[in-house]
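Since every read-out is calculated from the coordinates, none of them should be taken as a lab result. Small disclaimer: the values here were computed from a predicted structure and weren't measured. Reconstructed Cβ throughout: ideal geometry from the backbone, glycine too, with neighbour counts over all protein chains shown.
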Amino acid sequence: MLHRIRRSSLALPALLCALAFAALVVIGCAGFGGPPTVTLRPGDIQALMQKHFPQERRLLEVLDVTIAAPRTRLLPESNRLGVVLDVQARDRVFGGSRQGRLDFDAALRWEPRDQTVRMTQVRVQDLSLDPEGSATRSRAERLGAAAVERLLEDLSLYQLRGEPAARMQQRGVVPTAVTVTSRGVEITFEALPR
């Protein structure tokens, strides 16, 4: 019996210390550590991007294009997200097929209307299709690059919803910045003026 009393009498102060420490950490983060952020880690970004692919599109009623297998990379020096995709293009007129690679990057922005992080300023860096050296390949690459930029512009990458969205709304905070860092994509929140 004495053993039980001792253990519970030690557990209560330890629990109170842990709760006090947790409260100090929360207050410290909110008051001194800067605005709250949500960080999407590289693996999270890869998983979010994979949900959008494969995609199939028809270009000028001549080419059927499939883009798939996204591989993402962070570009913190330019505050952009880079993506490489596999491309397959099938010529509907002559029946030929080409495979290749699409490399693009995009800035990210917050869309308050639906609480999403979206791609913006999409720029194709490279679109290469096999076989090398044909005039048709060059035309297809130019058409494909322009079509892909339009297709991916404003693509929703992430949506804040459910309990996290409700908590942010209750606290009166809104996203003010989306930043690509070496750790991931950071969404920074700040309090609404009252």
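If I stretch the segment between Arg167 and Thr37 completely, what's the gain in nm (0.36 nm per residue apart, minus their alpha carbon distance), one decimal?
45.5 nm
So, with +1 on the Cβ of K and R and -1 on the Cβ of D and E, and no other charges, what is the size of the charge dipole of region 65-183 about its Cα centre, to the nearest 20 debye?
240 debye
Between Thr179 and Asp126, with labels modelled 7 Å along Cα→Cβ, what's the label distance in nm to one decimal, could you check?
3.0 nm
Return the distance in nm (one decimal) between the two label points of a simple spin-label model at Asp86 and His52, each offset 7 Å from Cα along Cα→Cβ.
Label at Asp86, label at His52, 1.9 nm between them.
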